[in-house]
Amino acid sequence: RFLSSASSSMLTHGDEASTHVDANGVVDVNPPRGTRDFPPEDMRLRTWLFDQFREVSRLMAFEEVDFPVLESEALFIRKAGEEITQQLYNFEDKGGRRVVLRPEITPSLARLVIKQGKSVSLPLKWFTIGQCWRYERMTRGRRREHYQWNMDIFGVPKVRAIVLLFQRLGITSSDVGIRVSSRKVLLAVLNMYSIPEHLFTQVCVIVDKFGKLTREEIEKELMSTGLSSEAVQGIIEVLSLKSLSKLEEVLGSGVEAVADLKKLFSFAEQYGYADWICFDASVVRGLAYYTGIVFEAFDREGKLRAICGGGRYDKLLSTFGSEDIPACGFGFGDAVIVELLKEKGLLPDMSRQIDDIVFPLDEVLEGPASSIASSLRKKGRAVDLVEDKRLKWVFKHAERINASRLILVGNSEWERGMVRVKILSTREEYEVKADELD
Ligand SMILES: CC(=O)Nc1cnc2ccccc2c1
């Protein structure tokens with residue numbers, strides 16, 4: 001497999017957009033800051049990746065849903081100080097409504113589940129692949145949009161879909177692991193230090209920065225919420241645990257967190273994906289609404305950011321004023337996975353492919369050539385009908401787009417109802433009756 005240039009532009013940021021017209025009046029051809037175009041080669045890679053997402057969703061009997069990329073701002077106003085809600089791509093529309101380009105999918109899912117109310121039978125398993133947005137100062141030069149595959153189950157407590165996808169992509173459990181923990185671990189610690197539960201989501205968001213900030217910075221942020229230094233040390237000590245038995249020693253065996261995690265790891269054993277997952281108490285994920293098991297996939301070489309992440313969120317619906325339905329799900333971005341596939345030499349060959357090129361050798365034969373092209377298309381063949389070119393160009397073009405066959409419509413053959421076929425891989429050449437061409 002060779003690396004196409006595709007993967008590079010999947011990773012580049014929208015170039016620095018300058019003013020929108022330059023000195024000679026040429027419009028700025030770059031897409032807006034932090035966004036990407038998808039020219040054909042990049043679009044082939046993206047389509048391939050999204051086809052893998054779709055196939056796994058189909059295999060797991062998930063139904064596809066979709067939502068507007070524009071949502072009411074109210075859906076994302078949360079008080080916990082998450083990065084995602086501090087970088088809302090929000091604005092006021094011409095009707096004076098507060099709207100956003102959605103930063104994530106789950107709240108839209110929840111909105112639709114509530115809207116569908118009694119008409120949906122549980123459990124429901126929905127998936128979508130949607131573009132998500134954030135507005136951050138370009139100082140960090142990060143992208144402002146990415147596509148996310150979301151898989152969510154409402155009405156039950158799933159990690160299996162992710163393992164299935166990795167296997168489809170050729171990624172093994174020696175390449176990637178999934179760190180698993182539960183928000184209930186943190187809840188138990190807060191209770192040990194009798195910390196009020198209203199601090200819970202705030203503390204989760206801070207602790208989610210474990211890997212990204214220094215210990216001192218974490219301590220400082222935790223202290224700033226009013227936690228005692230004893231509680232701060234206790235939190236950091238417990239969240240550094242990587243062994244379930246040690247966790248049990250610290251929290252005691254009656255704690256729900258320990259029971260949940262033991263159950264999950266025994267399911268993993270039974271389902272045969274135990275070597276993909278590991279307990280890591282530092283996993284809390286940065287979204288305020290998680291209530292139980294949380295997980296994130298990571299590359300074992302530690303070079304990349306989280307590949308995907310998710311968890312259980314049993315109380316999201318009540319934050320929208322509706323009755324709660326237990327739910328869990330994950331978001332899987334389109335960027336880090338491509339970096340990983342590139343690292344592992346697993347990017348597929350993304351070069352263009354076409355079945356037939358049909359070429360009239362004389363312009364009086366453009367009619368017959370066109371009818372040959374359409375009959376082949378009716379048989380499902382991808383046909384490039386070429387006109388106004390010299391034969392030399394057509395041969396080069398056939399190479400360039402990896403055509404399987406070149407079908408030449410010439411006067412002498414056509415008088416006999418024949419066309420000339422050239423198989424480009426074997427150089428084999430033969431005549432065939434035009435209406436027997438398949
Ligand atoms: C690697 C990458 O592109 N991350 C990314 C890019 N855009 C986003 C936009 C919204 C939310 C998360 C986002 C995450």
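The values are calculated or read from the model by the stated rules, or taken from the named source; none is laboratory data. Quantities reported herein were computed from a predicted structural model and do not represent experimental measurements. Cβ sites come from the backbone with ideal geometry, for glycine too, and all protein chains shown count toward neighbours. Each accessible area value is taken on the protein alone, full model and side chains, heavy atoms only, with ligands, DNA and RNA left out. Shrake-Rupley method; radii C 1.70, N 1.55, O 1.52, S 1.80 Å.
Some values worked out for this structure:
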item	result
Whole-Å distance, taken between Cα centres, linking segment 236-315 and segment 51-89	22
Rounded percent of accessible protein surface that carbon and sulfur make up, segment 74-122, 1.4 Å probe	52
Set of lysines near Lys79 by C-alpha distance (under 16 Å), chain-local residues within fewer than 8 positions excluded	Lys315
Considering only the chain, percent of DSSP beta bridges that pair antiparallel, nearest 5	80
Average Cα contact separation per residue, segment 219-332, under 8 Å, 6 or more apart, as relative contact order %	17
Computed over segment 300-359: relative contact order in percent, which uses C-alpha pairs under 8 Å that are six or more apart	30
Electrostatic dipole magnitude of the chain [Cβ: Lys, Arg +1; Asp, Glu -1; Cα centre; debye, to 20]	400
Charge dipole (debye, nearest 20) of segment 192-235; +1 at Cβ of Lys and Arg, -1 at Cβ of Asp and Glu	100
Residues of segment 34-186: accessible area per residue with a 1.4 Å probe, Å²	45
Structure-based [θ]222 nm, the chain - -39500 (n - 2.57) summed over DSSP H runs of at least 4, per residue, nearest 500	-10000 deg cm²/dmol
Sparse-neighbourhood loop sites, trypsin sites (Lys or Arg not before Pro) in segment 228-301 - DSSP loop, at most 14 other Cβ within 10 angstrom	Lys242, Arg300
Per-pair calculated FRET efficiency, R0 = 30 Å: Asp66 and Asp37 via Cβ, rounded to 0.05	0.85
Within-14-Å neighbourhood charge of Glu413 [Cβ basis; K, R +1; D, E -1]	-2
Net charge dipole size for segment 199-261 [Lys, Arg +1 and Asp, Glu -1 on Cβ; Debye, nearest 20]	200
Listed residue (Phe330, Ala281, Val26) projecting farthest to the positive dipole end of the chain, Cβ model	Ala281
